[in-house]
Amino acid sequence: TKNNGRNGHNFFQPSMNTLAQTQLQLNNDLWHAQENNELRLFYQPKYCAPRGPIIGFEALLRWQHPTRGLLTPDVFLPLAEKTGMIVTIGGWVINEACRQLHQWRQQGHLNWSVAVNLSALQFEQSNLVETVTEALATHDIPPELLTLEVTETTAMRDPDESVRILTELTRLGVKASIDDFGTGYSSLLYLKRLPASELKIDRAFVNELQHQTEDATIVSAIVALAQSLDLKVVAEGVETAEQQAFLTGLGCNTLQGYLLGKPVPPEKVAELPNFALEA
Ligand code: C2E
Ligand code: CA
Ligand code: CA
Ligand code: CA
């Protein structure tokens, strides 16, 4: 009984308006956020299994909103994707991550790599290769130290086109990583054609490892699959010592998660666990 008369209708109408207004306001704010330098990158360490050294970082977008505080991507990225603003923001992310890596390199961290996330819309832009080329050149970054993370779902939208784009990108020397792996429906044949060097097991599987035997089976299968295709395996969302031990035992190369290190602003990187162990 959805259509339960006037009262039900009146009850929902104002809250919908409020939501729309909030979104509109957020959209306006996001335009200014770029000009006012309110966007930030936090960096989450990626550790050589089981506990170090740090081999690099994933850059994760944050918005230091003037009144609402520090916002995570789930609050504003869907909106930015819808309006297309993600393309400019994404370009900024690539350049900023390279700028930060250059700074770390100057401090002597010559083996560190940095990974950035690409949105579906950004992935399809014809000038993406140009953006990446320019960022690498501007900040003097060896291409193999930049990883581009594309979700399995994005890569599956148009498989042939994704192979073409990723081939063009990896020709620059950068690495490609298939993010949130296990949630899409890649065929083996297709995976083999993708010029990626890494699979990231989705956090949902890692999260359920202890409770669901099926998930342990799926994770084992993903690791075996990756190894047979010569792909490195990164597990994200590692929160417990049990997960750490299990994933290491399976042969995961790289671990990422709150257990080992949360995403932090660049000035806090030196305080991360096992920072002293150099790659
Ligand atoms: P993602 O690429 O899967 O990134 C991992 C997310 O899991 C991050 O959330 C990270 O903070 C969180 N995480 C890491 N370890 C743990 C853990 O042990 N436990 C739990 N519960 N969470 C953990 P975050 O930073 O909120 O980012 C969410 C998503 O937003 C990312 O998911 C990515 O899809 C997207 N995103 C972030 N930055 C960017 C960006 O610069 N561009 C694009 N296009 N998307 C981005
Ligand atoms: Ca990612
Ligand atoms: Ca096609
Ligand atoms: Ca994920």
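The values are calculated or read from the model by the stated rules, or taken from the named source; none is laboratory data. All of these numbers come straight from a predicted model, not from anything done at the bench. Note that we place each Cβ from the backbone using ideal geometry, even for glycine, and neighbour counts take in every protein chain shown. Areas reflect the complete protein model, heavy atoms only, side chains present, ligands, DNA and RNA absent. Shrake-Rupley method; radii C 1.70, N 1.55, O 1.52, S 1.80 Å.
Pairs from the table (82/268; 232/268; 46/268; 192/232; 82/232; 175/268) lying more than 24 angstrom apart at Cα are 82/268; 232/268; 82/232; 175/268.
What is the magnitude of the charge dipole of the stretch 228-279 about its Cα centre, with +1 placed on the Cβ of each Lys and Arg, -1 on the Cβ of each Asp and Glu, and no other charges, expressed in debye to the nearest 20?
About 20 debye.
The long axis of helix 213-228 is offset from the longest Cα principal axis of the chain by roughly 50 degrees. Picking from 138, 225, 70, whose Cα lies most toward the positive end of the charge dipole for the chain (charges on Cβ: Lys, Arg +1; Asp, Glu -1)? About the Cα centre, the residue reaching furthest to the positive side is 70. Label-to-label distance for residue 32 and residue 157 is 3.0 nm, based on points extended 7 Å past Cα in the beta-carbon direction.
I'm a student and want to see the number: the projected area of the Cα convex hull of the stretch 195-265, averaged over all directions, in nm². Before the final figure, lay out the partial values.
Numbers: hull surface 19.7 nm².
About 4.9 nm², averaged over all directions.
When a/c is below 1.5 the answer is rounded, else prolate if a/b is larger than b/c, else oblate, so apply that to the stretch 86-194 with a ≥ b ≥ c taken from the square roots of the Cα gyration tensor eigenvalues. Please report the intermediate quantities before stating the final value.
On the way: a/c = 2.08, a/b = 1.74, b/c = 1.20.
Judged from the Cα gyration tensor, the stretch 86-194 comes out prolate (a/c at least 1.5, a/b above b/c).
Just check the stretch 132-214 against the gyration tensor rule for me: Cα atoms, a ≥ b ≥ c as the square roots of the eigenvalues, rounded for a/c under 1.5, and otherwise prolate or oblate depending on whether a/b exceeds b/c.
Working: a/c = 3.07, a/b = 1.65, b/c = 1.87.
Oblate, because a/c is 1.5 or more while a/b does not exceed b/c.
Looking at the chain alone, DSSP beta bridges between its own residues are antiparallel in about 40 percent of cases. Each Lys and Arg Cβ is given +1 and each Asp and Glu Cβ -1; about its Cα centre, the chain then shows a dipole of about 340 debye. Rounded to the nearest 10 degrees, the angle from helix 73-83 to the longest Cα principal axis of the chain is 70 degrees. Under 5 Å between amide hydrogens, built in the peptide plane, is the criterion, and for residue 58 it picks out 44, 46, 115 among residues at least 5 positions away or on other chains.
I'd like the carbon and sulfur percentage of the solvent accessible area for the chain, probe radius 1.4 Å, heavy atoms only, ligands and nucleic acids excluded.
53 percent
If you run the Gaussian network model on the chain, springs between alpha carbon atoms under 10 Å, then out of 122, 107, 244 the most flexible one is 107.
Placing pseudo-labels 7 Å out from each Cα toward the beta carbon at residue 232 and residue 99 gives an inter-label distance of 2.6 nm.
What FRET efficiency comes out for residue 48 versus residue 72 if R0 is 22 angstrom and r is the Cβ-Cβ distance? Round to the nearest 0.05. Could you put the intermediate results ahead of the total?
Values: r = 27 Å, r/R0 = 1.22.
My answer for the efficiency is 0.25.
How large is the Kirkwood hydrodynamic radius of the stretch 60-103, in angstrom, based on all distinct alpha carbon pairs?
Details: mean 1/r = 0.0879 Å⁻¹.
Radius from the Kirkwood sum: 11.4 Å.
Seen against the Cα atoms of the chain and their longest principal axis, helix 128-138 is set at about 60 degrees.
With equal scatterers on the alpha carbons only and no solvent term, can you work out the Debye log10 of I(q)/I(0) for the stretch 107-147 at 0.14, 0.16, 0.19 1/Å? Listed by q, the Debye log ratios stand at -0.37, -0.47, -0.63. Normalised by the number of residues in the chain, the average gap of Cα pairs under 8 Å and 6 or more apart makes the relative contact order 19 percent.
Here the gap between residue 262 and residue 220, fully extended at 0.36 nm per residue and compared with their Cα-Cα distance, gives a gain of 12.6 nm. With a Cα-only, solvent-free Debye model of the chain, what are the log10 I(q)/I(0) values at q = 0.17 Å⁻¹? So the normalised log intensities work out to -1.43. Rounded to the nearest 20 debye, the dipole size of the stretch 71-212 about its Cα centre is 240 debye, using +1 on the Cβ of Lys and Arg and -1 on the Cβ of Asp and Glu. When 68, 203 are compared by accessible area at a 1.4 angstrom probe, the order from most to least is 203, 68.
Per-residue ellipticity at 222 nm from helix content only, as computed over the chain with -39500 (n - 2.57) for each DSSP H run of at least four residues, stands at -15000 deg cm²/dmol.
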